Amino acid sequence: DFAAVRVAKKIMGKRLFLITDAVTEAKTDSYTYIFDKDRYVTENGTLAGSCLTLGKAVKNLIDHSIADPQEALRMASLYPAQVAGKSDILGKIAPDYQADMVVMDKDFNVKNMILAGKMK
């Protein structure tokens, strides 16, 4: 619900950040999650998680006028680094920061990755 996200952003400001779901398709005795369109469900169809990418989350914020592109990208990079206590080495492109970056197209689809300063 984008209205709820808009309210959360207004209240939380720079404390609101983006994450993605850690659910993947699993078919074990303990858990069975099945990929169904844009989500993961249990065998009986109950929602078990989403498959939202970080790029799609950024695009949603922009498309629904919740954040401008720069703020949406900070919500996906700098703010999580701050919460993790790693904002001195992660979350921005600057000298002495780890050179891990995701290269995206204008629609925020991943096109390439730079890990430890090397294109993958």
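The values are calculated or read from the model by the stated rules, or taken from the named source; none is laboratory data. The shown structure was predicted, so the numbers you read here are calculated from the model rather than taken from an experiment. Note that each Cβ is placed from the backbone with ideal geometry, even for glycine, and that neighbours are counted across all protein chains shown.
Listed conditions (1) surrounded by 12 or more Cβ atoms within 10 Å (Cβ to Cβ); (2) modelled with pLDDT under 90 are all met by Lys118, apart from (1). In the set Glu71, Glu43, only one residue is surrounded by 13 or more Cβ atoms within 10 Å (Cβ to Cβ) and either assigned to a loop (DSSP other than H, G, I, E, B) or in contact with a helix residue (DSSP H, G or I) (Cβ under 9 Å, 6 or more places away or on another chain) (or both); that residue is Glu71.
Given the criterion within 15 Å of Val5 (Cβ to Cβ) and either in contact with a Cys (Cβ under 6 Å, 6 or more places away or on another chain) or surrounded by 10 or more Cβ atoms within 10 Å (Cβ to Cβ) (or both), identify the matching residue among Ile89, Ile19, Ile34.
After ruling out the rest, the residue left standing is Ile19.
Just checking, does the range 29-39 include any residue being modelled with pLDDT of 85 or more and closer than 24 Å to Met104 by Cβ? The answer is no, given that none of the residues of the range 29-39 is modelled with pLDDT of 85 or more and closer than 24 Å to Met104 by Cβ. Could you please give the count of residues in the range 14-28 that are part of a loop (DSSP other than H, G, I, E, B), touching a helix residue (DSSP H, G or I) at 6+ places or on another chain (Cβ under 9 Å) and either charged (D, E, K, R) or modelled with pLDDT under 80 (or both)? Selection size over the range 14-28: 0. Residues of the range 46-68 that are of a type in the set (Gly, Ala, Ser) and not in a helix (DSSP H, G or I): Ala48, Gly49, Ser50, Ser65, Ala67.
Within the range 53-67, is even one residue among the acidic types (Asp, Glu) and at pLDDT below 95? No: zero hits.
For beta carbons closer than 6 Å, sequence separation of 6+ or different chains, a first residue in the range 45-60 that is among the basic types (Lys, Arg) and a second that is not in a helix (DSSP H, G or I), the qualifying pairs are Lys59/Phe108.
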